[in-house]
Each structure stands twice: as structure tokens, then as C-alpha cells.
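Note sheet for the following structure.
The values are calculated or read from the model by the stated rules, or taken from the named source; none is laboratory data. Not measured: the values here are computed from a predicted model. Here the Cβ positions follow ideal geometry from the backbone for every residue, glycine too, while neighbour counts run over all protein chains shown. Just the protein is used for accessible areas: all its heavy atoms, side chains included, with ligands, DNA and RNA removed. Shrake-Rupley method; radii C 1.70, N 1.55, O 1.52, S 1.80 Å.
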Amino acid sequence: MRALKIAAIIMVSLLMVMLLMLGYLFLTAEVTVEAVTSSGINAGEKPDDFATLQASLDENTFMGTLFHKPEEWKSAEDYVYLQFNVRLRNGCLVPIDMVEVQVVPQPTDILQLADRQVHSLEAKQEADFSAMILAPKDTHPVREIIVSYYVWGVSFQLRTLSGQ
């Protein structure tokens, strides 16, 4: 009888330790945006890329997100590529899959270039992810950024602002 009492105390103690560990995992498991930076590159510095982009839009072969197509294209010097870099921290003990960065456009933004790579982030790691848009050169770099990711097949989103 005494052995059963000792075994029951050990089992209850193990259960309590496991419940505390599970609670710790749930309280510390979060994905956060650590930093958002933006930079601009004048499209005139890459005239061949700009011409290729224009041609793909005219031929309906563009891969990415088209916000609106200009009725009349100006010269490459009148546009800017805005790149947004998002530092993401995975505080979970499981990896996150299919990380995607999307930019909420301003009314004058033209398109977001497609990122053809599949990104993931291992447990307890940090990494940088980016998105690039084409906009008129006189635009400001503050945009809302949406980071979408999956954990075990469940979709989550984080929203943040660039330039703050």
C-alpha cells in the first residue's frame, strides 16, 4: 500500500511539472516583428529591369500583385522601387511555414514584385524577409505591412507599419 502511495505522489508531481512546462510554452510562444526598414532605389538606375517589367505588364505575363496599371508610362527616372525588410522572430518551439510579406498599397502604388521562394523560420530563430513595390518617385515610404505565416497548417497574420 505504501508503494502505491509513493507512486501516486510521483505521478501527480510529474503531471504538475508537465502542466507547468506546457503553460510556459503557451505563454512564451509568439511570433513578433522585431524591426521594419525601408529603402528606395530609383528605377532609372536599373533601366533594363524596368523595361522588362513594363513589357511583362503589357503582355499580361507579370508575376506579382498589380495594384493598378498606369494608363501611360513615364520614364524610368519617375519611378522608385521601395524595398521593405521585416525582421521576424519566432518565439515558438515549432517552425513556422510559408512566411509571406505583403504591402498594403497607397493609391499611387503600381505593383508588388513576386517573391517566388518559399520561406520558413525555424523555432526560436530570427530572420529577415522582404517585399518590393514599384511606386512614383515622389511617394513616402510609410506603408502598412502584413506578414502571413502558417503554424501546423493554421494561418496567422501580423500587421505593422514601416518607417516608425
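Within region 105-124, restricting attention to residues that are aliphatic (A, V, I, L, M) and loosely packed, with under 14 Cβ neighbours inside 10 Å, which residue is farthest from the chain's Cα centre (by Cα)? Steps first, answer last, please.
Let us first name the residues in region 105-124 that are aliphatic (A, V, I, L, M), namely 110-111, 113-114, 118, 121, 123.
Now drop any that are not loosely packed, with under 14 Cβ neighbours inside 10 Å, which leaves 114, 118, 123.
Details: ALA114: 13, VAL118: 11, ALA123: 16 Å.
The qualifying residue farthest from the chain's Cα centre (by Cα) is ALA123.
I'd like to check something: does region 16-29 contain any residue that is surrounded by 10 or more Cβ atoms within 10 Å (Cβ to Cβ), under 27 Å from LEU161 (Cβ atoms) and at pLDDT 90 or above?
Within region 16-29, none of the residues are surrounded by 10 or more Cβ atoms within 10 Å (Cβ to Cβ), under 27 Å from LEU161 (Cβ atoms) and at pLDDT 90 or above.
Scan region 105-135 for residues that are outside any loop (DSSP other than H, G, I, E, B) and either farther than 21 Å from SER162 by Cβ or in contact with a Lys or Arg (Cβ under 6 Å, 6 or more places away or on another chain) (or both) and jot them down.
Answer for region 105-135, where residues must be outside any loop (DSSP other than H, G, I, E, B) and either farther than 21 Å from SER162 by Cβ or in contact with a Lys or Arg (Cβ under 6 Å, 6 or more places away or on another chain) (or both): SER120, GLU126, ASP128.
Among (1) under 30 Å from GLU122 (Cβ atoms); (2) free of Cβ contacts under 8 Å to residues at least 40 places away in the same chain; (3) open to solvent by less than 90 Å² (accessible area, probe 1.4 Å), there is one condition PHE50 misses while meeting the rest; what is its number?
Result: PHE50 passes all but (1).
Regarding ASP97, is this residue in a loop (DSSP other than H, G, I, E, B), under 12 Å from the mean Cα position of the chain (by Cα) and acidic (Asp, Glu)?
Taking the combined requirement at face value, the residue does not satisfy it.
Which one is most open to solvent (accessible area, probe 1.4 Å) among residues in region 53-90 that are part of a loop (DSSP other than H, G, I, E, B), within 16 Å of ALA135 (Cβ to Cβ) and in contact (Cβ under 8 Å) with a residue 40 or more places away in the chain?
Going through the qualifying residues, I end up with LYS69.
Which one of the conditions (1) surrounded by 12 or more Cβ atoms within 10 Å (Cβ to Cβ); (2) modelled with pLDDT of 90 or more; (3) not in a strand (DSSP E or B) does THR37 fail to meet, given that it meets all the rest?
Looking at each condition in turn, THR37 falls short on (3).
Within region 125-145, identify whether any single residue is surrounded by fewer than 16 Cβ atoms within 10 Å (Cβ to Cβ), among the acidic types (Asp, Glu) and free of Cβ contacts under 8 Å to residues at least 12 places away in the same chain, and answer yes or no.
yes
Can you spot a residue in region 15-34 that is closer than 30 Å to ALA135 by Cβ, under 27 Å from the mean Cα position of the chain (by Cα) and part of a helix (DSSP H, G or I)?
Looking for residues that are closer than 30 Å to ALA135 by Cβ, under 27 Å from the mean Cα position of the chain (by Cα) and part of a helix (DSSP H, G or I), one finds none in region 15-34, hence no.
Out of all the residues in region 52-64, is one or more closer than 30 Å to GLY153 by Cβ, out of contact with any helix residue (DSSP H, G or I) (no Cβ under 7 Å at 6 or more places or on another chain) and either modelled with pLDDT under 95 or among the hydrophobic types (A, V, I, L, M, F, W, C) (or both)?
Within region 52-64, one or more residues are closer than 30 Å to GLY153 by Cβ, out of contact with any helix residue (DSSP H, G or I) (no Cβ under 7 Å at 6 or more places or on another chain) and either modelled with pLDDT under 95 or among the hydrophobic types (A, V, I, L, M, F, W, C) (or both).
Write out, first by first residue and then by second, each pair whose Cβ atoms fall under 8 Å of each other, whose residues are 6+ apart or on separate chains, and whose first residue, in region 1-22, is on the phi < 0 side of the Ramachandran plot while the second is assigned to a helix (DSSP H, G or I) and open to solvent by less than 100 Å² (accessible area, probe 1.4 Å).
Every condition considered, no pair remains.
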